[in-house]
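Enquirer: Dumping the structure here so I can ask a few things about it.
The values are calculated or read from the model by the stated rules, or taken from the named source; none is laboratory data. A quick note: this is a predicted structure, and the numbers were derived from the prediction, not measured. So basically every Cβ, Gly included, is an ideal-geometry build from the backbone, and we count neighbours across all protein chains shown. These area figures cover heavy atoms from the full protein model, side chains too; ligands, DNA and RNA do not enter into them. Shrake-Rupley method; radii C 1.70, N 1.55, O 1.52, S 1.80 Å.
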Amino acid sequence: MHAFLTACTQRKRFTPSPFLRARNLTGGALQDVLGAWKGRLAEVGSSSRAKDLYCGRSFVEATKAAQIAKADLHIVSAGLGLIHFEQPVPSYDLTVSKGSPDYILGKLDDDKTESEWWGALGGARALHELF
């Protein structure tokens, strides 16, 4: 089975609760902020499948391409890690894009990079397992 990857999108069909907005996390060390984020995700639970949460032209095109190729679509998410498009997920706001009020790296005490956040979230390991 082949796999396609696409990035998550800031545009989502469902409005997240304030509890799942990175802007409402307390700042601190990477492991502390990540632990708080994962705790919130576990507490809220899922509200839809990933394919029903994300929207926007690039996401729609990636979904179509995966269907045509008969491939599994996986989403690279700064808030959830690597997720399968059928996976149940909550609606959330967390990004590694500067300028957003939900910019997670702005919550970290030390100068951490997007790849360090991604690795701590488990994304690098998940990509390795997928491929």
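Enquirer: When the residues of the stretch 88-131 are narrowed to those that are among the charged types (D, E, K, R) and closer than 19 Å to THR6 by Cβ, which ends up farthest from the chain's Cα centre (by Cα)?
Expert: By that ranking, first place goes to GLU129.
Enquirer: Restricting to the stretch 1-28, name every residue that is hydrophobic (A, V, I, L, M, F, W, C), farther than 18 Å from ASP111 by Cα and within 12 Å of the chain's Cα centre (by Cα).
Expert: Across the stretch 1-28, the qualifying residues are ALA7, CYS8, LEU20.
Enquirer: Quick check on my filter: what residues within the stretch 29-64 are aliphatic (A, V, I, L, M) and over 27 Å from GLY106 (Cβ atoms)? Outline the logic, then answer.
Expert: Looking only at the stretch 29-64, we keep the residues that are aliphatic (A, V, I, L, M), and these are 29-30, 33-34, 36, 41-42, 44, 50, 53, 60, 62.
Within the stretch 29-64, VAL60, ALA62 qualify.
Enquirer: Additional query: When the stretch 89-111 is examined, which residues are found to be basic (Lys, Arg) and surrounded by fewer than 19 Cβ atoms within 10 Å (Cβ to Cβ)?
Expert: LYS98
Enquirer: If you don't mind, another one. Restricting attention to the stretch 23-47, report how many residues are modelled with pLDDT of 95 or more, surrounded by 13 or more Cβ atoms within 10 Å (Cβ to Cβ) and out of contact with any Ser or Thr (no Cβ under 7 Å at 6 or more places or on another chain).
Expert: 13
Enquirer: Out of the stretch 112-130, which residues are open to solvent by 50 Å² or more (accessible area, probe 1.4 Å), under 25 Å from GLY45 (Cα atoms) and without any contact (Cβ under 8 Å) to a residue 24 or more places away in the chain?
Expert: ALA124, ARG125, GLU129, listed by residue number.
Enquirer: Looking at the stretch 4-110, what helices (runs of 4 or more DSSP H) fall wholly within it and have at least 1 residues that are without any contact (Cβ under 8 Å) to a residue 12 or more places away in the chain?
Expert: By residue number, 30-44, 57-69.
Enquirer: Collect the residues in the stretch 56-88 that are surrounded by 15 or more Cβ atoms within 10 Å (Cβ to Cβ) and among the hydrophobic types (A, V, I, L, M, F, W, C), keeping them in residue-number order.
Expert: PHE59, ALA62, ALA66, LEU73, ILE75, VAL76, ALA78, LEU80, LEU82, ILE83, PHE85 - these are the residues of the stretch 56-88 that are surrounded by 15 or more Cβ atoms within 10 Å (Cβ to Cβ) and among the hydrophobic types (A, V, I, L, M, F, W, C).
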